[in-house]
Structure formats: C-alpha cells, structure tokens
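These notes are about the structure you will find just below.
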Amino acid sequence: TLLKDGRIQHDYRFVDNSGRVLWVRDDLRLLPASASGLTEALGAWLDITAQKQSEQIQQARISTLDGLASGQPLEQILNSVAQNIENIRPDLRVSILLRDSRLDQLNTVAAPSIPDFFSAAIDGQKPGIGCGSCGSAAATGEPVLVDDVQTHPYWTDYKQIAERAGLRACWSIPFKNETGEVLGTFAIYHA
C-alpha cells in the first residue's frame, strides 16, 4: 500500500517451523536516488501478530452473531466457530460435541480438521471419567487439560487412534445451560 507520505506499507503472514502464524508489517520509505541512479529503501518490520489475531477474533464474533441473528442452524454456527478458531490458530484442531441428554451421549457436530476416523470413533461416546478429555469434562462439568494423551489415564482406550490422527494433547471445556447442565464440550487438540 502506498501511503500519502510516500511510504510503502505491506503486511505479510509467515508460518514458522512449529506452525505458528506470525504477522509482520513492512514499512518502507524510498530514499532519493543516488548519483549512480540507484534508489534505496529504508524500512523496518513490526510484529503485528497480536493486532491481526484481535481483528480475526472480532470478525469471528461478528460472523457468529450474524449466524445467530439470521437463524442459521446450530450445527452450521458451531462449524463456523470451529473453522474460525482454526483459521486464527492453524496449529490447533477444534471439535465441538453436543450432549444428547435422551441417550446420554456426546455427538460430534463440528470438527473441521479432525480426521473422520477419529471423529467417528468418539461420536456417540458416553460421558464418564476416563472417557478421553471430552467424556471426562462432560461427566465432571469441569475443564480437562491433558498435555500428553499417550500417557494420561483418561486416554487409555483412545491412545492408538489419537496417535494415528497425529493428536498429542487435548483440552476440553464443558459448556452448560443456565441450570448448570452440561450441553456439550469444546475441545482443542494439539499435535
């Protein structure tokens, strides 16, 4: 972008080796041409990652509110929420499970980057302590933070499938209605 004062400004998105997204603003000022006819530029890079993430979060909020206001189906809204979070933080994988109180089970409604075989394996899971992070969070009504699914006792039945899916950590947070009943879980997975 050429600014009124003659500066050139451009934002770049970089992904580091760990998959973390970094945003940099390149701010250049062209110097007068030298006697040899060469034009030089003087500039600086500014880390604007926090600003960009804040803008993306605001856009995600607006998108969610627009979906609610327009009467979109809940599944579509939750898929949008999950996808927006993954767009903001590509190193995360998100899943949202809703509790079917009639059958007392958790059903996957959003998991844009979770492999289908993994989603199928946890779909219909009964809430219970020791039933992965989500099943345990739904049973206790408390967040369950597991930093290594290969060694945590809640993941004994899911270790192999988690490894196959490339999942190493899982944080699951239950969400509740006004009376405190668990309606589902919101999970973030890390490789």
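The table below gives the values:
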item: Of all residues making up the stretch 141-152, the number that are assigned to a loop (DSSP other than H, G, I, E, B), in contact with a strand residue (DSSP E or B) (Cβ under 6 Å, 6 or more places away or on another chain) and open to solvent by 30 Å² or more (accessible area, probe 1.4 Å); result: 3
item: Options Leu31, Leu42; residue that is open to solvent by 100 Å² or more (accessible area, probe 1.4 Å) and either of a type outside the set (Val, Ile, Thr) or at pLDDT below 80 (or both); result: Leu42
item: Every residue from the stretch 158-188 that is β-branched (Val, Ile, Thr) and not in a strand (DSSP E or B); result: Ile161, Thr179
item: Residue check for Ala44: aliphatic (A, V, I, L, M), assigned to a loop (DSSP other than H, G, I, E, B) and farther than 30 Å from His190 by Cβ; result: no
item: Qualifying residue in the stretch 168-176 (condition: surrounded by fewer than 13 Cβ atoms within 10 Å (Cβ to Cβ) and either touching a His at 6+ places or on another chain (Cβ under 7 Å) or acidic (Asp, Glu) (or both)); result: no
item: The stretch 91-140, subset part of a loop (DSSP other than H, G, I, E, B) and touching a residue at least 60 places away in the same chain (Cβ under 8 Å), residue surrounded by the most Cβ atoms within 10 Å (Cβ to Cβ); result: Ile114
item: Trp155, sole failed condition from (1) open to solvent by 30 Å² or more (accessible area, probe 1.4 Å); (2) aromatic (Phe, Trp, Tyr); (3) in a helix (DSSP H, G or I); result: (1)
item: Residue that is in a helix (DSSP H, G or I) and either open to solvent by 70 Å² or more (accessible area, probe 1.4 Å) or farther than 29 Å from Tyr12 by Cα (or both), where the choices are Gln72, Gln53, Gln59; result: Gln59
item: Matching residues, the stretch 15-41, being part of a loop (DSSP other than H, G, I, E, B) and in contact (Cβ under 8 Å) with a residue 12 or more places away in the chain; result: Ser18, Gly19, Arg20
item: Residue list for the stretch 5-28, restricted to those being charged (D, E, K, R) and either touching a His at 6+ places or on another chain (Cβ under 9 Å) or open to solvent by less than 50 Å² (accessible area, probe 1.4 Å) (or both); result: Asp11, Asp16, Arg25, Asp26, Asp27
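The values are calculated or read from the model by the stated rules, or taken from the named source; none is laboratory data. Since we're looking at a predicted model, the values are computed, not measured. Note: ideal-geometry Cβ built from the backbone for every residue, glycine included; neighbour counts use all protein chains shown. Heavy atoms of the whole protein, side chains included, go into the accessibility calculation; ligands, DNA and RNA do not. Shrake-Rupley method; radii C 1.70, N 1.55, O 1.52, S 1.80 Å.
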